[in-house]
Amino acid sequence: MNYKDLSKIEFDICVIGSGAGAGPVIYELSKAGYKVVVLEKGPWFRTKDFSKDELVATRRSVYTPNLKDEPQVIEQEDVMGNWKAQSNYETGNDFWNGNCVGGSSNFMSGYFSRLKPKDFKLLSAYGKIEGANISDWPIAYEDLEPYYTKVEHLIGVSGKVVKHKFLEPRSTPDFPYPPLKENYVSQLIDKAASDLNLQTIPLPRAIISQNKGDRNACYYSNYCGSYGCSSDAKGSSRVSLIREALKTGNCTVVPNAKVFYLEADAPDKVSKAFYYTPEGAKEFIRAKIFVVAAQAVETSRLLLMSKNKFFPNGLANNNGQVGKNLIFSAGGVGGGDLFYKDFSEKIAKKLAEPGVFVNRTLQEFYELQDPKSGKKMKGGTIDFLWEHANPVSKAIRQKWDENGNLLYGTRLQNKLYRYFNDLRKLKFEIFVDWLPTDNCYVSLDDKVKDKWGDPVAKIRIGHHPHDIKIGNILAEKAEMLMKKLGAKNIYSGVSGYPPSNLQAGGCRFGNDPATSVLDKNCKAHELENLYVTDGSFMPTGGSVTYTWTIYANSFRVADKILERLKR
Amino acid sequence: MKRRNFIKTLISVGILSQIPLGLSCSRDNKAIIIPKNEVLKPSQRNVVLFFLNKLFPENNGVPGIAELNTYQHLNNYLQDANVDIDDKNYLIKGISWIEESANETFQKEFKDLNYEQKQELFKQILKEDWGESWASRLLTLIFESLLLDPLYDVNLQQSGWNWLHHIPGNPEPDEQNHYKKLLAAKTKPEIITQISQL
Ligand SMILES: Cc1cc2nc3c(=O)[nH]c(=O)nc-3n(C[C@H](O)[C@H](O)[C@H](O)COP(=O)(O)OP(=O)(O)OC[C@H]3O[C@@H](n4cnc5c(N)ncnc54)[C@H](O)[C@@H]3O)c2cc1C
Ligand code: SF4
C-alpha cells in the first residue's frame, strides 16, 4: 500500500495525532469494526527504540522537531506591560512535546489524578473572578466517572484508594493495579505531614505494577519522565491502545504524516485531511468523520490554518473562539536537599535507593478559605518527587556559584562531586487552576513560517494574578513540610510561566456556540463530522495534571461517535 | 556578529535551551584524540583545548578531557546536522574573539603566548559576559562528554560515571537505537496496517 492507494479509500474515521487524546477513539472505533486511519506527524518509535539515552531524550531534538524547521512564536508580557512576540528558534522556549506515535504520552511521568466534582462547575461553586473567563463544564463528574474507571483498567493505573476530604466518588473500591514500590522517603513525608496534622495520600500512576497482556510490569528503571518505557509498563496510548487497535485489522497508521489542512467542501462537513509525506509531497485522506487530537496548541493551529469560503477565519471559527482560553496545568515548583549525613547510615542507604518512587501527594488544600472575605476559594495539589536522575542536566545546574558566576576547575569539580554523592534532592510540584483569560491563546503568526511554508502557532502565555496568589499559599505549605522532614536549602518558585508539556484548552466545549468551539460531545458546533478529543476541550483544568481526564474524555467521545454510527 | 550582540543571542538561545558545548587545560594533558574529520583548524583547536583543560582539568581521580574524549564530542557536535547552525557558529565565533583578545592584550597570536599569558587571558575572558557565556557552553559539552553513554565515544571506560558513582539507566543505548538511527526514522515513509510490521 502507498500514499496514493490510501487516498482512494473512504475511511470511517480519520484521526489526526496519536497521543492521549487520540488513542481511545482509535481503539474503540477499530474494535467496533470501523475503518480507522491515523495521521501522525512523527515516526513510530518501537519499544526497542527506547533506551535510557540522555542525548536522545533531552539533549537533542529527537522526539520533538528542530526549532529551525518548526518554530513557534511565544508572546510574553514585558515589565512595562507590553506584549513581545519572539520565535522560540531564538529563545529556546519550546512548546513542542512528543512528536511520534503515542505522542507525549510515551514520555509522561504518569502522575495521574482525577478531577473532582466541583472542578466541573468552578464558576457555580466558587463564583466569578474578575479578568478570568471561567465557565462550568457542560457535563458533570458523574458523566466522566465510568471513563476514569475505564482508563484505570485499559491504560493501567496503579495506586491505593485512601479516604480523604476531597476523595472523588468512585464506582470501584480500589485501583486495578497495586501501588508501585516506594522509596523510604515516602514514610518520611507521611510522618512529617502527620506531625503537621496534614494527610498525605498515595499518588496514582499510569504505570502498571503487574504484567498485563504483552506489557510487562514496571522494573523501576529510574528514568521515567521524558523517557520511553522499555517494558511497556507506562500507559502510553501507543502500547495500551494503538497497538491493540492494530490487532483488529481495522486500523491504518501513517507515521511521519503532518496534516496541514482540513478541507470542507460543504458548510458543515469536512471531506479531506491533507498531509505532507516525509518526502514533502502533499497527499490526502477521505473519511466520514474527522477527529483532531494534535495537542492543544497544534490542534488550534490546524483549525486556524484550515480556512475556506465557509470558514474565512479558520475551521469551526466563525465565532472567533478557536485558540482562545488556552490553559496549562501549573502553579510552581520547589524542593530541598536531603543530606545523607543527617540520617543514620541505614536510612541514608534507603534514601539513596534508585528507581523506586516517592508517589505522595497533598490534596488537603484543594479548597481554601480567602483570609479577607472568608469565602471558599479553589486551592490545589502538591505532588512530591525526586529530582530526575538525568546526570547531564543535574551537572549543568551546578555550573554557577551562589553569586551567579561560572564555576570551573577544581571548585566546580568539588561541587559536582558533592552534589552527586552527599545528598538527594526532593522536589515538589504545585498545581492550581490556571484561570482562562483573554491573554492566553493561540493564533497564527503572520511572519514566521515552518519548513513547509505554513504559518506557525503564536502562543500568548499571559496568566491571571490569582494563579500566583494560590501558588504562593501552597508553596508555603510545601516548604513547611520539607522543613519538618529535615530538608536543607529549601526553595520554591511560583511563576506565571506555563509548563509547555501540560497544555489544554483552545477549543473549549460548552452549550453556547458564541463562547465555545465544541458541543458537549466534543463535536464542533458548526460542523457535523469534526470532533476534537485532546485536551483542547477543557474550559478549566482542575488543580491536577490533565492526562487522565484527556484519556477519559476521549473514551466518552468515542462512545458518542459509536452511538451515532450505530444509529 | 559583534561580541556584544553575540551575548544577547547567547543568553536567549544557548542558556535557555541548554544547548551544549564544553572544554579545559593543564600543562601535561594526556593525549587528545584528534578526530579524522576535524572541523576546527589547528589554531582553533589550540584555543579550544586550552580552554577545555582549564575549565575541567584532570585531577586526582577526576577524569580530564582526554579520558572523556571531549574534543571528539565537540567535533561531533559541530558536524551534527540536527544541531542548529547558529549554535555551532557561536562556538566557532567565540574562538575568533579569543584570538582577537590575544592580539589586543599581548599583540601576539594565541599560539605564541606562553602558558602564563594564556592563563591570564583565560581569566580575563571569563570576566567578560560574552566570555563567560561561551565558556558555559563549553562546560555543557564537557558535562555531556562526562556523563553521556560511552556508546557516543565519550566518558571512555565510564570514567565520568565511575568518578561520580553515577548509576546509568537500563537499558543503555546501543547501535540499534543510536541517536543517528532514531533521527533517520523521522524521515522514513511507512504505512502500518499490521502488528507484524512492528
Ligand atoms: C516529559 C513529560 C512528562 C509528563 N508528565 C505527565 C504526568 O506526570 N501526568 C500527566 O497527567 N501528564 C503528563 N504529561 C503530559 C501528557 O503527556 C499530555 O497531557 C498528553 O499526552 C496530551 O495528550 P494529547 O493527545 O493532547 O497530546 P499528545 O499526547 O502530545 O499527542 C499529540 C500528537 O499529535 C501529533 N501531531 C501534532 N500536530 C500534528 C499534525 N499537524 N498532524 C499530525 N499529527 C500531529 C503529535 O506528533 C503527537 O503525537 C507529560 C508530558 C511530558 C512531555
Ligand atoms: S520501567 Fe517503570 S520507571 Fe521505567 S520508564 Fe517504564 S514505567 Fe517508568
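Which residues, counting only those in the range A:1-46, are part of a strand (DSSP E or B) and over 17 Å from A:Thr248 (Cα atoms)? Within the range A:1-46, A:Glu10, A:Ile16, A:Leu39 qualify.
Would you say B:Gly169 is within 21 Å of A:Pro354 (Cα to Cα) and in contact with a Lys or Arg (Cβ under 6 Å, 6 or more places away or on another chain)? Yes, satisfied. State whether one or more residues within the range A:299-316 are modelled with pLDDT under 95 and part of a loop (DSSP other than H, G, I, E, B). No - not one qualifying residue is present in the range A:299-316. Listed here are the helices (runs of 4 or more DSSP H) enclosed by the range A:119-216 that have at least 3 residues being surrounded by fewer than 21 Cβ atoms within 10 Å (Cβ to Cβ) and among the acidic types (Asp, Glu): A:141-151. The residues of the range B:105-123 that are surrounded by 12 or more Cβ atoms within 10 Å (Cβ to Cβ) and in a helix (DSSP H, G or I), listed by number, are B:Thr105, B:Phe106, B:Phe110, B:Lys111, B:Gln117, B:Lys118, B:Gln119, B:Glu120, B:Leu121, B:Phe122. Being without any contact (Cβ under 8 Å) to a residue 24 or more places away in the chain and aromatic (Phe, Trp, Tyr) is a description that does not apply to A:Tyr441. In this structure, is A:Thr200 among the polar types (S, T, N, Q), away from ligand 2 (no atom under 16 Å from the Cβ), within 14 Å of chain B (Cβ to nearest Cβ) and touching a Ser or Thr at 6+ places or on another chain (Cβ under 9 Å)? So A:Thr200 does not fit the description; no.
This table checks each residue for (1) away from ligand 1 (no atom under 12 Å from the Cβ); (2) within 14 Å of chain B (Cβ to nearest Cβ); (3) among the basic types (Lys, Arg); (4) more than 23 Å from A:Gly23 (Cβ to Cβ).
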{"residue": "A:Val297", "(1), (2), (3), (4)": "no, no, no, no"}
{"residue": "A:Ser300", "(1), (2), (3), (4)": "no, no, no, no"}
{"residue": "A:Asn308", "(1), (2), (3), (4)": "yes, no, no, yes"}
{"residue": "A:Gly334", "(1), (2), (3), (4)": "yes, no, no, yes"}
{"residue": "A:Leu338", "(1), (2), (3), (4)": "yes, no, no, yes"}
{"residue": "A:Lys346", "(1), (2), (3), (4)": "yes, no, yes, yes"}
{"residue": "A:Leu351", "(1), (2), (3), (4)": "yes, no, no, yes"}
{"residue": "A:Phe357", "(1), (2), (3), (4)": "no, no, no, yes"}
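Restricting the first member to the range A:416-428 and to residues that are aromatic (Phe, Trp, Tyr), and the second to residues that are not in a helix (DSSP H, G or I), the beta-carbon pairs closer than 6 Å and six or more apart or on different chains are A:Tyr419/A:Gln398; A:Phe428/A:Gly334; A:Phe428/A:Ile382; A:Phe428/A:Phe384.
Whenever a residue of the range A:53-70 is in a loop (DSSP other than H, G, I, E, B), its partners that are aromatic (Phe, Trp, Tyr), lying with C-beta atoms within less than 6 angstrom and at least six residues away or across chains, give the pairs A:Thr64/A:Trp96; A:Pro65/A:Trp96; A:Leu67/A:Tyr89; A:Lys68/A:Tyr89. Listed by position, the strands (runs of 3 or more DSSP E) inside the range A:458-535 whose residues that are buried (at least 22 other Cβ atoms within 10 Å of the Cβ) number at least 2 are A:503-506, A:530-532.
Okay, residues lined up against (1) within 14 Å of another protein chain (Cβ to nearest Cβ); (2) within 16 Å of ligand 2 (Cβ to nearest atom); (3) farther than 25 Å from A:Trp386 by Cβ:
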position: A:Asp49; (1), (2), (3): yes, yes, yes
position: A:Tyr63; (1), (2), (3): yes, yes, no
position: A:Asn82; (1), (2), (3): no, no, yes
position: A:Ser109; (1), (2), (3): no, yes, no
position: A:Glu142; (1), (2), (3): no, no, yes
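Within the range B:160-173, the residues that satisfy the criterion of being within 18 Å of A:Tyr227 (Cα to Cα) and either surrounded by fewer than 17 Cβ atoms within 10 Å (Cβ to Cβ) or more than 8 Å from chain A (Cβ to nearest Cβ) (or both) are B:Ile167, B:Asn170, B:Pro171, B:Glu172. Taking the conditions exactly as written (within 16 Å of ligand 2 (Cβ to nearest atom), more than 10 Å from every other protein chain (Cβ to nearest Cβ) and among the aliphatic types (A, V, I, L, M)), does A:Ala233 satisfy them or not? Yes: the conditions hold for A:Ala233. Residues that are facing chain B (nearest Cβ under 10 Å), of a type in the set (S, T, N, Q) and free of Cβ contacts under 8 Å to residues at least 24 places away in the same chain within the range A:389-404 comprise just one, A:Gln398. When each of B:Gln157, B:Gln176 is tested for being more than 8 Å from chain A (Cβ to nearest Cβ) and surrounded by fewer than 21 Cβ atoms within 10 Å (Cβ to Cβ), the lone residue that passes is B:Gln157. In summary, strands (runs of 3 or more DSSP E) completely within the range A:322-434 and bearing 2 or more residues that are farther than 30 Å from A:Thr549 by Cβ, modelled with pLDDT of 95 or more and in contact with a helix residue (DSSP H, G or I) (Cβ under 7 Å, 6 or more places away or on another chain) occur at A:330-339, A:423-432.
All conditions but one from (1) away from every other protein chain (no Cβ under 11 Å); (2) closer than 22 Å to A:Val239 by Cβ; (3) surrounded by fewer than 24 Cβ atoms within 10 Å (Cβ to Cβ) apply to A:Pro43; the one that does not is (1). Regarding A:Gly280, is this residue more than 10 Å from ligand 1 (Cβ to nearest atom), of a type in the set (Gly, Ala, Ser) and over 21 Å from the mean Cα position of the chain (by Cα)? Against the criterion (more than 10 Å from ligand 1 (Cβ to nearest atom), of a type in the set (Gly, Ala, Ser) and over 21 Å from the mean Cα position of the chain (by Cα)), A:Gly280 qualifies. Checked against the criteria, B:Tyr77 counts as at the interface with chain A (Cβ under 10 Å from one of its Cβ atoms) and either modelled with pLDDT under 95 or crowded, with 17+ Cβ neighbours inside 10 Å (or both). Remark: pairs (first residue in the range A:112-126, away from chain B (no Cβ under 14 Å); second residue within 14 Å of ligand 1 (Cβ to nearest atom) and of a type in the set (S, T, N, Q); Cβ separation under 8 Å; 6+ apart in sequence or on different chains) = A:Phe112/A:Thr545; A:Phe112/A:Thr547; A:Ser113/A:Thr361; A:Ser113/A:Thr381; A:Ser113/A:Thr545; A:Arg114/A:Thr549; A:Leu115/A:Thr549; A:Asp119/A:Ser543. You will find that of A:Gln72, A:Gln76, the residue that is within 21 Å of the chain's Cα centre (by Cα) and either more than 8 Å from every other protein chain (Cβ to nearest Cβ) or over 26 Å from B:Leu141 (Cβ atoms) (or both) is A:Gln72 and no other.
The values are calculated or read from the model by the stated rules, or taken from the named source; none is laboratory data. From a predicted model like this one, the values you see are computed outputs, not experimental measurements. Virtual Cβ from ideal backbone geometry, glycine too; neighbours counted across all protein chains shown.
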